[in-house]
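S.K.: The structure's right below; bear with me while I get my questions together.
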Amino acid sequence: MLEVKNIKYSYNADYQALKGVSLKVEKGDMVALLGKNGAGKSTLFLHLNGIYQPDEGQVFIDGEELKYDKKSLLKFRQKVGIVFQNPDDQIFAPTVEEDVAFGPLNLGLPMEEVQDRVEEALSRVGMSGFEKTAPHHLSGGQKKRVAIAGILAMKPEVMVLDEPTAGLDPQGVVDLSILLNELNDEGITIVISTHEVDLVPNYAKKVFVLVDGLLIAEGTPKEIFAKPEILEQANLKVPIVTD
Ligand code: ADP
Ligand code: MG
Ligand code: MG
C-alpha cells in the first residue's frame with residue numbers, strides 16, 4: 001500500500017544520500033528501518049511523507065503515485081502521517097489541544113468533529129487531562145505522545161515515526177513499543193526508523209537495513225538478527241531478541 005520505487009536523492013552535488021531505495025509496506029504491517037547515523041533514514045522518511053521530492057523514483061500510496069502539488073500533498077498526508085525524531089520540531093501551538101487540533105482544522109473539518117477527534121486521540125495516547133497544558137512543559141515521552149495524537153487525529157492509514165525511542169528512558173521505550181503495537185493491532189500501518197536495536201524492531205513484522213543510502217537486507221527481525229554479518233555491515237549491535 002505504501003511503496004517507494006528506486007528513490008535517489010542528493011542534498012548537494014558531492015553526496016547522494018539515497019542511492020536507489022525501493023521498499024513496500026503492506027497494509028497493516030509494522031516495519032522497522034534500521035541504520036546507523038547518517039545512513040539516510042530521515043531522508044527516506046521525509047520522502048515517505050512527501051516533504052522531500054526525489055531526484056529520481058516515485059512514492060505510491062494505494063497504488064497511486066504521489067504528486068507534489070499542494071492538494072495532492074494534503075490528501076497524501078491525511079493518509080500518511082509523520083512523527084519527527086524531535087517533538088519540538090513538530091509541536092508549536094500554545095496548548096496541547098490546539099496542537100492536536102491543527103491537522104483536523106487544516107482538513108477543514110467542523111469544529112465539533114475536530115473537538116471529538118482531539119479528545120479521542122489524547123485519550124488514546126494516555127494524555128487526557130493535559131488539554132490546556134503548554135506542550136513545552138511536558139516530558140520528552142509526553143511530547144512524543146502528543147505528536148502521535150496529532151497524527152491520530154488525522155485518522156491516518158500509515159504512521160511513519162523517525163527514531164521514536166531516541167531520548168526515551170528504558171521504561172519510555174517499553175511504553176511506546178506497547179502503544180505502537182496496539183495502534184498497529186487497531187489497523188494502523190506503522191513504519192519506524194531506529195539506529196538502536198531496541199524493543200521496537202522486535203515487534204516489527206519486517207525489518208529493512210539501510211547502509212549509506214542503500215537497502216542491504218530485509219526480513220523478519222529473527223532472520224535479520226540471526227545474521228551478525230548484516231548487523232556488522234550496518235554497524236549495529238546485536239540485539240536481544242524477544243520472542
Ligand atoms: P539518518 O537519519 O540515517 O541519520 P540522514 O537521512 O539524516 O541519516 O542523513 C543522510 C546523509 O545525508 C548524511 O550523510 C547526512 O549528513 C546528509 N544530510 C542530511 N541532511 C542534510 C542536509 N539538510 N544537507 C546536507 N546533507 C544532509
Ligand atoms: Mg541522524
Ligand atoms: Mg535521522
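S.K.: Compare the peptides 49-59, 157-167 by average per-residue count of other Cβ atoms within 10 angstrom and give them in order, highest first.
M.R.: Working: 49-59: 16.8, 157-167: 22.1.
Sorting 49-59, 157-167 by mean packing, highest first, produces 157-167, 49-59.
S.K.: Between segment 3-37 and segment 125-188, what is the C-alpha centre distance in whole Å?
M.R.: A separation of 24 Å, based on Cα centres.
S.K.: Hey, which of these cross-link pairs are over 20 Å Cα-Cα: 8/227; 27/79; 67/143; 19/41; 36/155?
M.R.: Result: 8/227; 67/143; 36/155 exceed 20 Å.
S.K.: Starting from the Cα-Cα distance between residue 67 and residue 55, subtract it from 0.36 nm times their residue separation and give me the gain in nm to one decimal. Numbers along the way, then the final one.
M.R.: On the way: separation 12, 0.36 × 12 = 4.32 nm, distance 1.34 nm.
Taking residue 67 through residue 55 to full extension adds about 3.0 nm, to one decimal.
S.K.: Kyte-Doolittle cut-off -0.5, length cut-off 15 Å along the helix's own axis using Cα: show which whole DSSP H helices in the chain pass. Please list the in-between numbers first.
M.R.: Numbers: long enough: 96-106 (16 Å, 0.07); 111-124 (19 Å, -1.06); 140-152 (18 Å, 0.28); 170-185 (23 Å, 0.27).
For the chain, where a helix must reach 15 Å along its axis and average at least -0.5, the hits are 96-106, 140-152, 170-185.
S.K.: For segment 136-198, compute Rg over Rh where Rg is the Cα radius of gyration and Rh is the Kirkwood radius from the inverse mean 1/r over Cα pairs.
M.R.: Numbers: Rg = 11.4 Å, Rh = 12.1 Å.
Across segment 136-198, the Cα-based Rg/Rh ratio is 0.94.
S.K.: Calculated from DSSP H runs of 4 or more alone, at -39500 (n - 2.57) each and per residue, what is the 222 nm mean residue ellipticity of the chain, nearest 500?
M.R.: Working: 9 runs with 88 residues, N = 243.
That comes out to -10500 deg cm²/dmol.
S.K.: What Kirkwood Rh does the chain have if only Cα atoms enter the pairwise 1/r average? Answer in Å. Write out the running numbers ahead of the final one.
M.R.: Values: mean 1/r = 0.0547 Å⁻¹.
For the chain, the Kirkwood estimate is 18.3 Å.
S.K.: Kirkwood hydrodynamic radius of segment 58-141 from all distinct Cα pairs, in Å? Write out the running numbers ahead of the final one.
M.R.: On the way: mean 1/r = 0.0695 Å⁻¹.
So the Kirkwood estimate lands at 14.4 Å.
S.K.: Over all directions, what mean area does the Cα convex hull of segment 14-79 project, stated in square nanometres? Kindly include the intermediate steps, with their values, before the conclusion.
M.R.: Numbers: hull surface 21.0 nm².
Mean shadow area of the hull around the Cα atoms is 5.2 nm².
S.K.: Also, I was wondering about something else. What per residue convex hull volume, in Å³, comes out for segment 174-243 when only alpha-carbon positions are used? Please report the intermediate quantities before stating the final value.
M.R.: On the way: hull volume 6.1 nm³, N = 70.
It comes to 87 Å³ per residue, whole-number rounded.
Quick note: the coordinates plus some simple rules give every number you see, no bench work behind them. Predicted model, so just to flag it, every value in this text is computed and none were measured. For neighbour counting, all protein chains shown are included, and Cβ atoms are generated from backbone atoms with ideal geometry for every residue, glycine included.
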